[in-house]
Amino acid sequence: MYKEMSEEELKEIIRGLGKIADLSISEERIQILLPAFRAQLEWISTLNAFKLPMEAEPSPIFQLKKRTAQ
Amino acid sequence: MTQEDIPFLSISEASLLIRKRKLSPVEITRTVLQRIDQVEPKIHAFITVMGESALVAAKMAEREIARGKYRGPLHGIPVGVKDTHYTKAIKTTAGTAVLADFIPAFDATVVKRLKEAGAIILGKTSLPEFSFSGFTPGTHNPWDLSRTPGGSSGGSAAALAAGMVLGATGGDTSGSIRGPATYCGVVGLKPSYGLVSRYGVTALSWTLDHVGPMTRTVADNAIMLNVISGYDPNDDSSVDFPVPNYVKLLKQRIKGLRMGIPRPSMLVGYHTDVLSSFHQSLKIFKRLGVKVKEVDMPFIEVADAAQRIIRISEASSYQEKFLKTRADKYGPSDVRREIEAGSLITAVQYLRAQKVRAALKREMNKTLLSVDVLLTPGKSEPAGEPQKAAVNLSRIFALFGLPALALPCGFSSSPPGLPLGLQIVARPFEEGIAYALGYAYQSVTDWHKRRPPI
């Protein structure tokens, strides 16, 4: 969906999220970070397309067990 | 053995000579410091060289050994530590002007354990700003000074390849130990998540960061891991279980082990020389009695996206204090831009990435039930060549916290003379199997014995 958004729409989102994150992002910085923001949206879009199981949804806590089940 | 050979001794060789009193810690430290004087101006592998304190430590090691108090195979051995590792009273910059004046009040657990084992800390090795890149600006590859040593542990890899240390430490969040090790023709282990403490190490991304040993041989790597691994109550991710003796595991039986390799479709875009050396290495493993079969990893693209979102979200959280108070100190790298953008990722998006990670970990576990290890090229191209690979085979193993060992497997022909490498990935906490395979491989090859022309 974000792919249909104009540069100005994306900048507006950055301005809004920047305020929520308590960051004073200047207009110059918004222009600089725009490509990185676009890249993130692409990764998020990939993750959104991945179907997580409705039952037994995995926990978001990363932990490594000593041995993989054999 | 000539004086020129000393800086290129393996830890195993040097420790044997030290134990037999045929080489003293002071002699080896002085010789390596002379080597640093000679080649460091061309390579720039260090942010700080600790010559004075290294000689003091070497003299102390010499006295102890003379009194019969030999601490083990790292006693009197000169090593480097990445400049993300806190060193008491020695500046620790993480490669950034943001921390240019930071002098820690304590040693990182890894540094503390190296010192307790009698290792001589020679200096702090270079890295890109906050470990954010696969390149190390300003540091040169000893095999071709016009090329990068890779990153982020590029200083450690370059110092090893050039004979400026006998062992080093690195950090790996996306491939930052394995990539430079491959580009510089040395050995690097990204251990299982939780095996080596990160206490006192500048964070990049808490749930992805690993600290690991870098050496010139697999056997040396096992020696270092023996010292730096093990439970640390100061690190919340540290796993509490009895760590095996990795040196003893080097010679375990490998015949009959099942090795999974990526299907050809996953290696599209890989450099011809990389593929050629990879296939040559497969023949060697088969001769050693290993059974090889192709495996699928259909989840790589999604895993890659999850790793990137987790990494940048956690990095942005870690950097928040710096971004709000010292934003003007960031260098010309992409770090500030990336963390500003990363600060805008929502908690739900971050947690989705973690849930996807957990779901994919189950898939990876299934893959690792059908084989004992995975073997891939260490990098898709030699140092400094264009990256054309469609699939990144480094990032996902940091995502799943799996042990992954990079080791040299040849040299490129076009361009000529650049190191190429392999990556052996094992099940969680089965570093010993990766080591055994790497050790067997190095017993019948000599790539790890070559020296760069510098």
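The values are calculated or read from the model by the stated rules, or taken from the named source; none is laboratory data. Computed from a predicted model, the values in this text were never measured in an experiment. Don't worry about glycine lacking a Cβ; one is built from the backbone with ideal geometry, like all the others, and counts go over all protein chains shown. To get the accessible areas, we keep the full protein, side chains included, count just its heavy atoms, and leave off ligands, DNA and RNA. Shrake-Rupley method; radii C 1.70, N 1.55, O 1.52, S 1.80 Å.
Rounded to whole Å, the principal axis extents of the Cα atoms in chain B read 58, 57, 45, largest first. Of the trypsin sites (Lys or Arg not before Pro) found in the stretch B:38-78, the ones in coil according to DSSP and having at most 10 other Cβ atoms within 10 Å of their Cβ are B:R67.
Shielding value for B:345-351 is 3, the average number of Cβ atoms from other chains within 10 Å of each residue's Cβ. For the stretch B:411-424, putting each phi into the Karplus relation 6.51 cos²θ - 1.76 cosθ + 1.60 with θ = phi - 60° gives couplings of 9, 6, 9, 9, x, x, x, 9, x, 10, x, 10, 10, 10 Hz, in residue order, rounded to whole numbers and with x for Gly and Pro. Counting only Cα atoms, the stretch B:56-114 measures 45, 18, 16 Å along its principal axes, largest extent leading.
For the stretch A:2-69, would you read off the P(r) tail past 18 Å as a percentage of all alpha carbon pairs?
Every Cα pair in the stretch A:2-69 considered, those over 18 Å come to 57 percent.
If you roll a 1.4 Å probe over chain B with all protein chains in place, what percent of the accessible area is carbon or sulfur? Kindly include the intermediate steps, with their values, before the conclusion.
On the way: 8380 of 16090 Å².
Here it works out to 52 percent.
When the alpha carbon coordinates of the stretch B:163-255 are projected onto the principal axes, the ranges are 34, 30, 26 Å, largest first.
Take the Kirkwood radius over Cα pairs of the protein assembly as shown, plug it into Stokes-Einstein at 37 °C and 0.692 mPa s, and you get 141 µm²/s for translational diffusion.
Relative contact order of the stretch B:51-197, taken over Cα pairs closer than 8 Å and 6 or more residues apart, is 21 percent.
Overall, the anisotropy analysis places the stretch B:316-454 in the oblate class: the square-rooted eigenvalues a ≥ b ≥ c of its C-alpha gyration tensor yield a/c not less than 1.5, with a/b not exceeding b/c.
For B:G421, the amide hydrogen comes within under 5 Å of the amide hydrogens of B:G378, B:K379, B:C409, counting only partners 5 or more places away or on other chains and with H modelled in the peptide plane. Residue by residue along A:23-30, Cβ atoms of other protein chains within 10 Å of the local Cβ number 3 on average.
Where in the stretch A:37-58 does accessible area fall by at least 40 Å² between the isolated chain and the complete protein assembly, at a 1.4 Å probe radius? Listed by number, the residues meeting the 40 Å² cut-off are A:Q40, A:W43, A:I44, A:T46, A:L47, A:F50, A:L52, A:P58. Spacing of the modelled spin labels on B:D37 and A:I32, each 7 Å from Cα toward Cβ, amounts to 4.2 nm. The A-B contact accounts for roughly 3700 square angstrom of buried accessible surface, both chains included, probe 1.4 angstrom.
Of the accessible area of the stretch A:2-69, with the probe set at 1.4 angstrom, what percent is carbon plus sulfur?
Details: 2470 of 4450 Å².
The value for the stretch A:2-69 is 56 percent carbon and sulfur by accessible area.
Could you work out the local net charge near B:G421, counting Lys and Arg as +1, Asp and Glu as -1, over the other residues with Cβ closer than 9 Å to its Cβ?
Values: positive: B:R178, B:K379; negative: none.
Surrounding charge for B:G421 is +2.
Mean residue ellipticity at 222 nm, helices only, chain A: -18000 deg cm²/dmol; runs of at least 4 DSSP H residues each add -39,500 (n - 2.57), and the sum is divided by the number of residues. Ligands, DNA and RNA are left out, and with a 1.4 angstrom probe the accessible area of chain B is 35 Å² per residue.
At most 16 other Cβ atoms within 10 Å plus a DSSP loop assignment makes a site exposed; report the longest stretch of chain A without any exposed trypsin sites (Lys or Arg not before Pro). The partial results should precede the final answer.
On the way: sites that count: A:K51, A:K65, A:K66, A:R67.
Maximal segment without exposed cleavage sites: A:1-50.
The local environment of B:I103, defined by Cβ-Cβ distances under 11 Å, has a net charge of +1 under the rule Lys, Arg +1 and Asp, Glu -1.
For B:K69, the lysines whose Cα comes closer than 22 Å to its Cα, not counting residues fewer than 8 places off in the same chain, are B:K20, B:K22, B:K59, B:K112, B:K115.
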